[in-house]
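Right, one structure below, let's go through it.
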Amino acid sequence: MTESRETAPYSGRTAWVWNLKTPLREFLRTETGSAMVLLAATIVALVWANVDPSSYERLWHAALSIRVGGSGLSLDLRTWVNSGLMTFFFFVVGLEARREFDMGELRDRRRLVLPLVAGVGGMIVPIAIYLAANGGGPAAHGWGVAMSTDTAFALGMLSLAAAKLPARMHAFLLTVTVVDDFVALAVIGVFYSEAVTLSALLAALVIFAAILLVRATGVRYGIIYLLLGAAGWVAMLKSGVEPVVVGLAMGLITYASPAARTDLERASDLFREFREQPTAELARTASSGLASAISPNERLQLLFHPWTSYLIVPLFALANAGITISGGLLSRAFTSPITLGILIAYVVGKPLGITASTWLLTRLSRGSVRPPVGWAAVLGGGTIAGIGFTVSLLIATLAFSGPQLEEAKLGILASALVASALTWVLFRLTAMLPTQLRLRALMGTAEGIVDLAVPVDPDRDHIRGPERDALVTLVEYGDFECPYCGQAEPVVRELLAGYGDVRYVWRHLPLQDVHPNAQFAAEASEAAAAQGAFWEMHDTLMDHQGDLRLGDLIRYAEELGLDVARFRRDLREQTGASRVAEDVQSADLSGVSGTPTFFINGRRHHGAYDIETLTAAVRAAKARALISA
C-alpha cells in the first residue's frame, strides 16, 4: 500500500537522502572525517616516540609469524602494517579510480588527459627540486619520497581549510592524486623493491591471470577473490616487489555500474515474496538479490573504505610517524638536504608542477582542454597536494634508515603542516575578491558533463517558469504514487517561488513494480494535458497520492472542470501512454532507475532534496551559467 504525504510528513531531509548519495560524495565524506583520526594518530605517535622511544620501537619491531603446515611468513609488526594492511588502502584507491573511470568524471575519456598531465607534472617538479638539493649525495636515491600526495589527508585538510569549495574541486584533486598513487606504486615496485626473484614474480602474474579468468566467467563469490588475492600478495612479497601493488590491481579490475531498473524490479519482486512469506530461505534470496543490484565496486567500497580510513591508515601513521625530536635532530634538519629537499619539493614543487602543467596543456590545446575549476582552485589543489604523508612515509621507510629516516620523516611532517597553512591563506584571500571574480576564480569556465540524454524541448516538455530564457533548468523524473516525490513537491514549489529565472520540468517515470497505480495516474495527467490542464492535474495527483484509482481520477477531472467524457475516452484508449513511454525511455538513456531523480542544467543532482541543499545546487548552477554567459 502506498504511503501518502499525510502519513509521512516531510521532515526536511527525507529517507532517500541516504540511498542516493554518490560513492564519490561518500568517499570524500569518509576521507574528511578520517583526516582528523589520522591527525590524532600522528600526534599520538609523536608523543609516544618522545615520551618512551624504546617501547615505541620495541613494539613495532616485534615479530609476528603466520604458519600453515610447514611454511609461513614471519615479519615485524611495522612491515605487516606497511606491506600488509596498506594493501587494503590501495585496494580502495583502485576501486575509486575504477568507479570514476566507469561512472564519474573520467567516463568522458577526454577528461582523463588533464588529471594525467597535472598528476605527472605535480610529481616531476618536486622530484627535480629534491634532486637539485641532493643530487650526487648519499640521499639522492630517496627522490621517491618527495613525489606523492596523501589522498586521505589532502582531501580531509582541504575540506577543513576551505569548506565551501565546489564539488568539482574535490573531484579534480581526487583524480590528480589517483594518478599520483598509480605512479608512486610503479616507482615503489621498480625502484624500491629488493632483489627480484623471477620465479616468485612469475607465480604472482599467473595468479593474477587466474583472477582475471575467474572474473571473466562471472564468479561473484568474494572468498575466491580473497584467497587468490592473498596468494598473489604472498608471491609478490617473496619476489621482492612491494606487495601493496596487488591491492591497487585488484581494485582496478572491479567494475562499477549504476543499478539497472531491471535489477531493481527483480529485487522488488524478491522482497515482495519475502513480505508475503517471511521465511529464512526467502530472506537469504531477497538479501542476495538486493546486493546483486549494486555493482561489486560499490559494495566493496562500502565494506572496506571505513576500515581503511578509520583504522588502517591511522594505524600506519601510528607505526611510522613517531620520531624522537631532539635538539640535535632539529639542528641537523635546518641544514639537512633531505629535510629541506622534501619540504621545498612539496611546498613549492607540488603547486608549481600541478598549476604549470595544467596551464600549459590548456594553452597548447587552445582551451579545448581546461580544468573543471578556476585557477585559484587549481592552485589551491596544488598547495594542498603538498601533503605527502602515507605513501611518502612508506617510501621513506624503504629508502632510508637511521638518522636519514628521521630527517625524511621530519620533512614530510613539516611539509604537511606548511601546505595546510598555505591552502588556508590562499582560500581566505580568494574569499576577499569581488563576487563575480571570486566565482570565476573558483569555478572556472569549463562545461560540466551533461547527464541528461534527451534535452529539454519547450514544445514538448511540461514546463513551469520561463520556457526559453531561464538560467537554470530543473528536471525531475517522478512518479505520482511515489511518497518521496510527494515530499519533494513543496520544496520544488518553494524553490520556484524564490527564483524567477528557474524553470521546472516534469518527466514521467512510473515505477509499476512498486506503485501499481502510477502508470494510470501518469496517463491521466496526459489526458488532462490534452485539455490544457496538466499542471492542475499534476498538483491534484500530488495532493492525493494514496487515491489514484479510476473513480478518483474521474472525480479530479470533474473538480478541475475538464470535459469528463473526453477524459474518460482518452484514459480508455490510453492516448497518453506513448508520451509516458517516451519519458521512460529518456530516463533509461540518462541512467535513471528511481524516483525522484533531479537534473540541474543537464547535470544529475545527487544527495538531499531539502530546500537548503537544492537551493545551494541551483545557486551553483546559476553562477556557472552567469560565468559562461
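The values are calculated or read from the model by the stated rules, or taken from the named source; none is laboratory data. Not measured: the values here are computed from a predicted model. Please note: Cβ atoms are built from the backbone with ideal geometry, for glycine as well, and neighbour counts cover all protein chains shown. Just the protein is used for accessible areas: all its heavy atoms, side chains included, with ligands, DNA and RNA removed. Shrake-Rupley method; radii C 1.70, N 1.55, O 1.52, S 1.80 Å.
Counting only protein heavy atoms and using a 1.4 Å probe, what share of the accessible area of region 440-519 belongs to carbon plus sulfur, as a whole percent?
So the carbon and sulfur contribution to the accessible surface is 49 percent.
With label points built 7 Å along Cα→Cβ from the Cα atoms of VAL450 and ARG332, find their separation and express it in nm.
Each label point is offset 7 Å from its Cα along the Cβ direction, giving 6.1 nm.
Rounded, prolate or oblate: which fits region 272-401 when a ≥ b ≥ c are the square roots of the eigenvalues of the alpha-carbon gyration tensor, with rounded for a/c under 1.5 and prolate only if a/b beats b/c?
Because a/c hits 1.5 or more and a/b fails to exceed b/c, region 272-401 counts as oblate.
Within the chain, how many Lys pairs that are eight or more residues apart, or on different chains, come under 28 Å at the alpha-carbon?
6
Take the Cβ-Cβ distance between SER368 and LEU433 as r, set R0 to 25 Å, and report the resulting FRET efficiency rounded to the nearest 0.05.
Using R0 = 25 Å, I get an efficiency of 0.40.
With r defined as the distance between the Cβ atoms of VAL68 and ALA291 and R0 fixed at 25 Å, what FRET efficiency is calculated, to the nearest 0.05?
0.25
May I ask which residue of ALA581, ILE66, ALA186 lies farthest towards the positive end of the charge dipole of the chain, with charges of +1 (Lys, Arg) and -1 (Asp, Glu) on Cβ and the Cα centre as origin?
So the residue furthest toward the plus end is ALA186.
Select from region 316-382 those trypsin sites (Lys or Arg not before Pro) which occupy a DSSP coil region and have at most 10 other Cβ atoms within 10 Å, ordered by residue number.
Within region 316-382, the qualifying trypsin sites (Lys or Arg not before Pro) (loop, at most 10 other Cβ atoms within 10 Å) are ARG366.
Please compute the per residue accessible area over the chain with all protein chains in place, 1.4 Å probe, rounded to a whole number of Å².
44
Determine, for each peptide in 520-526, 226-232, 55-61, the mean count of other beta carbons within 10 angstrom over its residues, then list the peptides with the highest first.
520-526, 226-232, 55-61
Label ALA132 and TYR255 with points 7 Å out from Cα along Cα→Cβ: what is the distance between them in nm?
Between ALA132 and TYR255, the simple spin-label model gives 4.7 nm.
Is region 161-311 best put as rounded, prolate or oblate by its Cα gyration tensor, with a ≥ b ≥ c the root eigenvalues, rounded for a/c under 1.5, and otherwise prolate when a/b is larger than b/c, oblate when not?
Note, shape of region 161-311 comes out oblate.
At a 1.4 Å probe, what is the % contribution of carbon and sulfur to the accessible area of region 278-418?
The C+S portion of the solvent-accessible surface of region 278-418 is 72 percent.
Quick one: if you stick a label point 7 Å off each Cα along the C-beta vector at ALA625 and ARG275, how many nm between them?
Taking the simple label geometry, ALA625 and ARG275 are separated by 3.9 nm.
Run the numbers for THR262 and LEU360: contour at 0.36 nm per residue of separation, minus the present Cα-Cα distance, in nm.
This chain segment gains 30.7 nm when fully extended.
Stretch GLU558-ALA616 to full length: gain in nm at 0.36 nm per residue minus the Cα-Cα span?
Taking 0.36 nm per residue and subtracting the Cα distance, the gain is 16.9 nm.
Any idea what the dipole of region 302-429 comes to, in debye rounded to 20, about its Cα centre with Lys/Arg Cβ at +1 and Asp/Glu Cβ at -1?
It works out to roughly 480 debye.
If you average 1/r across every pair of different Cα atoms in the chain and take the reciprocal, what Kirkwood value do you get, in Å?
Value: 27.2 Å, from the Cα pair sum.
Just to confirm the number: angle between the C-alpha axis of helix 550-559 and the first principal axis of the chain, 0 to 90 degrees, nearest 10?
For helix 550-559, the angle is close to 70 degrees.
Mind pulling the angle between the C-alpha long axis of helix 390-399 and the longest principal axis of the chain? Nearest 10 degrees, somewhere in 0 to 90.
Roughly 20 degrees between the two axes.
Go ahead and estimate [θ] at 222 nm for the chain from helices alone: -39,500 (n - 2.57) per DSSP H run with n ≥ 4, summed, over the residue count, rounded to 500.
Calculated mean residue ellipticity at 222 nm is -20000 deg cm²/dmol.
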